[in-house]
Every structure is written in structure tokens, then in C-alpha cells.
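Structure, as C-alpha cells:
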Amino acid sequence: MAKVKTAYVCNDCGADFMRWQGQCSECNAWNTITEVRLGSSRPAMASERRGFAGITRAEVQTLADVELADVPRFSSGYAEFDRVLGGGIVPGSAILIGGSPGAGKSTLLLQVMCQLATQMNALYVTGEESLQQVALRARRLGLPVDRLRMLAETSVESICELADKEKPKVMVIDSIQVMHLADIQSAPGSVSQVRESAAFLTRYAKQHHVAIFMVGHVTKDGSLAGPKVLEHCIDCSIMLEGSVDSRFRTLRGHKNRFGPANELGVFAMTGQGLREVSNPSAIFLQRPEQHGSGSVVMVIWEGTRPLLVELQALVDSTQLANPRRVAVGMEATRLAMLLAVLHRHGGLHMSDQDVFVNVVGGVRVTETGADLALLLAIVSSFREQVLPRDLIVFGEVGLSGEIRPVQNGLARLNEAVKHGFSRAIVPYGNKPKETIAGMQVTAVKTLQQALEAL
Ligand code: TYD
Ligand code: MG
């Protein structure tokens, strides 16, 4: 008889425990730990009987002897989507696509699947919307609807059974949070259901060489329900980000077993669904003819390409005992740290000033190459000094006021030239060996030198 395993899992963060406890020691939430009866190993055994698992008894072999099945990736029909996946969809991979409700996950996948269905068997499983709703949307967007197979179902076992008959090459599960397995006793949406459903589907993807996209909604704080529990079993995790009121959506890779992670794809939400933005720098740089102080353009590195983004800062005398430090699209702790560096090594103190910074276009900047641009934008606003329109800045700022080089300096400068910029303040370590035509580069070693260069 199959042994039924139990575990104690936190419904909020998905942490595992040996025994029940009142408070989760991972996320400190109270009363979130529930007993979970894990499914028996039945699915795997059943598939072994049917001969899907392939190797039942593993053997040790040399890495060079491992046979490589040549499985070419296939394109989703959207270059930005392929880019985030590392150059196309890998057959048999399990991909998690996360995002807040209304980000456009269903829309994007519907567009991709309608395109793919013209070339291969594709199955779209909707557990949230009715078939009519999906059909209505597809018609309205003018998508090729005649080949895509649709299914409204939330039971994972039934889905896999029907998929056995349909034999799709690519499948969408919208969303993983409404899926359930009969073996698991807790309600759909609970961590144990989500985790076991995702694991079951991932196994199915591997055994049948179906690429499966699983939609996952993120919670308020931006984490997928039980992120830890899903991350180890899926192959790629990508996020569709962007607020509902902003036009642009960014698709970002967080984990990718088949290519570089952290790739960024940009889409625009239009009346006709999501459109690709193939030259993102151009849209993030739409500045008014006369820009004011506090605005600077920086070159950040996203995945495998440079991106030019405008950064704005506003420094204003404060009315509060604790001046405000607000960062949109950046980390607030980094802002606080850089203000301390500015005080110690630049001689400018902002303890009586509110500081607000904003990355234009809803982009989220995580790299340290934005440090110098951030400080110069703050200084520009503080001194009410308008920076030249054709200036770009990048560089990391160290705690002792030194300006550190960043990766791909030359490629960043070349991208800036392409967009008509002719002046740059960059770290000394990124100074190009040969002069770049049409670009006057000021290389700086310290924050002091950068302030003088202004
Ligand atoms: P949806 O794909 O349903 O989001 P998700 O599945 O991530 O929850 O997208 C819904 C949003 O997209 C909704 O706010 C309206 C907007 N939208 C458009 O602006 N244009 C369109 O053509 C479509 C289909 C949706
Ligand atoms: Mg949806």
C-alpha cells in the first residue's frame, strides 16, 4: 500500500516543518501552518508502468557520454517573449508566468497560443474564465482562433487525461492557483495544492515533452503564493510586471534553466492586446522639449542588452522631523545609503530635505550601475541646475565615494550614441580605449570629480 506522507506547511510562505507550530519561523505569520497530506507516489509509478519515465534504474555515466536528444527550441512568434525565455520555448519545459491580477498574463498567453496553434497542437486550459469569455477576447483581438484547442477544467488529473488524447506540444494552465489534485485534502489555492499540482504538471511536461505555461498570481507583497515551493520544480520563472494604469508591461526572467536569467522584454497594452516594443529605450526617453532640473538619462544593463532610462529626482525642504526618502522603481535602502555617501564625500547634506526619486516608465532598476545617475539627479534638483539634454550617466558608487566600473561599459556608450547622446560621465574603469565618434566621455574616479564634471 502506498504510504501517505504528511508535512506541515505554512500557507503564506510555503516553508516546511517537521511538526505543527503556532507561528511560522520563516515568515513569522501566526496560525498559517496546516497539516498537509502529500500525495502518495502514485503518479510517478503509474507513468513508469506506462513506460514514460524512461530510465527506471539509473546508472552512473561520464558527462561526455550522456546522450543529447536534439530538441530545438521553437519560437512563440513574439521576439520579446522568446528573448525572456532565453531564445524560444524548450519542449518539455515547465514555465511559470507570474504577475499581479490585470497585468495581462491571460492576454499575452492567449495571443502566443493562438499564434502557436497555427503550427502545432496547442491546448489552453482555463480555470478562471469561461470559454465564452476567452473566445470573446480572442475574437475581439482578431487572433487566429480556428486551431487552438480550449478546455475549461480545474482538476489536474482530468486535464492530463484529456491532454493524453489531445497530444499538445504546448499547453497553458490558467491559473495554477485554481488547480487541484484529488489526492490532496486541502482547498484549491492552498500551498499544498499549488505545490503538488505544479509538481504533477511539471512531471507531465517532462514525460510527454509538452511545454507547459503555468499562470501564477502574485500576492500584495509581490511574491507568488508559495514561491519557494514552486521555484525548485519549474524550469523557468518569468514575471509580467507593470501597474494596471501604466501602458507598459515588462516581462522579466527570474530563473531560467535554459538561458540567461534577468532578461527583459517590453510590451505595451493597447486596445488590441499586448504589442511588442522592440526599441524600448526610445519609449522610456520621451522627454519634453524643455526638461527641468533633477532629470538625467542613465544606461542600465538588462539581461543581454543596454537600456536607456530617464531618472528623475525631486529635492525639497522638508516640513517633517524625519525627512522623507521615497524611491519608485528603485530600492529605498540604496537611496538612503547613497545620500550618506553624498553627505560624507560630496559635502552636500540633505538632512533637512525630502528626497523623491522616480524611474520613468515604470521600469524597476536593480543594478548598482544606476548609483551615479541617481546622485547626479539629486544634486541637479538640489542645486536647481538643469543637466545637458545630451548627457548620459552610469557607474556604481562605493561607500568611500569612489566610482566603480560596471560591466559592458563600451556597449552602453555605443547604445547612447545610437540614441543621439553626445556627452557621458562614466567611471574611470569604463573609459573607452579609443575615442568614440560623436561622444565626449568624462571619466571620473571619485564622487568629487563627478560633481566637478557637472
Ligand atoms: P488579463 O490578461 O485578463 O490579466 P491577468 O490574466 O494577468 O489577470 O488582462 C486584463 C487587463 O488588460 C485589463 O485591465 C484590461 C487590459 N486589456 C487591455 O487594455 N486591452 C486589451 O485588448 C485586453 C484584452 C486587455
Ligand atoms: Mg487571467
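The values are calculated or read from the model by the stated rules, or taken from the named source; none is laboratory data. These figures come from a predicted structure and were not determined experimentally. Using ideal geometry, Cβ is built from the backbone for each residue, glycine included, and neighbour counts are taken over all protein chains shown. These accessible areas exclude ligands, DNA and RNA; they are computed on the full protein's heavy atoms, side chains included. Shrake-Rupley method; radii C 1.70, N 1.55, O 1.52, S 1.80 Å.
Descending by average beta-carbon neighbour count within 10 Å, the peptides 92-105, 419-432 line up as 92-105, 419-432, the highest first. Sparsely packed loop sites in segment 188-220 (the trypsin sites (Lys or Arg not before Pro) outside DSSP H, G, I, E and B with at most 10 other Cβ atoms within 10 Å) comprise Lys220.
The protection proxy used here, the mean number of other Cβ atoms lying within 10 Å of each residue, ranks peptides 110-117, 408-415, 249-256 as follows, highest first: 110-117, 249-256, 408-415.
Dipole of the chain, Cα-centred, from +1 at each Lys and Arg C-beta and -1 at each Asp and Glu C-beta, to the nearest 20 debye? Could you put the intermediate results ahead of the total?
Values: 46 positive and 45 negative charges, 91 e Å.
So the dipole magnitude of the chain works out to roughly 440 debye.
Extension gain, Asn279 to Arg140: 0.36 nm times the residue separation minus the Cα-Cα distance gives 47.4 nm. Filter the GluC sites (Glu not before Pro) in segment 252-307 to those in DSSP coil with at most 15 other Cβ atoms within 10 Å of their Cβ, and list the result. Filter output for segment 252-307: Glu289.
Could you work out how far the C-alpha centroid of segment 240-309 sits from that of segment 54-128, in angstrom? Their Cα centres are 23 Å away from one another.
The C-alpha atoms of the chain define a longest principal axis, and helix 191-208 lies at about 80 degrees to it. Beta-bridge orientation, the chain: approximately 55 percent antiparallel, per DSSP, counting only bridges with both partners inside.
Net charge of the neighbourhood of Thr118, taken over other residues with C-beta under 15 Å away and scored Lys/Arg +1, Asp/Glu -1, is +2.
Distance between the modelled labels on Arg149 and Glu161, one decimal in nanometres: 1.6 nm (7 Å Cα→Cβ projection). Protection proxy ranking of 323-336, 346-359, by the mean of other Cβ atoms within 10 Å over each peptide's residues and highest first, is 346-359, 323-336.
Dipole of segment 283-453 (Lys/Arg Cβ +1, Asp/Glu Cβ -1, origin at the Cα centre): which of Leu338, Val393, Leu311 lies farthest to the positive side? The residue sitting farthest along the positive end of the dipole is Val393.
For the residue pairs Lys169/Lys255; Lys206/Lys255; Lys167/Lys206; Lys105/Lys418; Lys105/Lys255; Lys105/Lys165, alpha carbon separations beyond 25 Å are given by Lys105/Lys418; Lys105/Lys165. Helix 131-140 versus the longest principal axis of the chain: what angle, 0 to 90°, nearest 10, using Cα atoms? Tilt of helix 131-140: around 40 degrees. Using the Cβ of Leu376 as centre and a radius below 13 Å, the other residues enclosed give a net charge of -1, where K and R count +1 and D and E count -1.
Each residue was assigned an accessible area with a 1.4 Å probe, and for Arg247 the value is about 130 Å². Spin-label model, Glu35/Thr62: points 7 Å from Cα along the beta carbon direction are separated by 5.3 nm.
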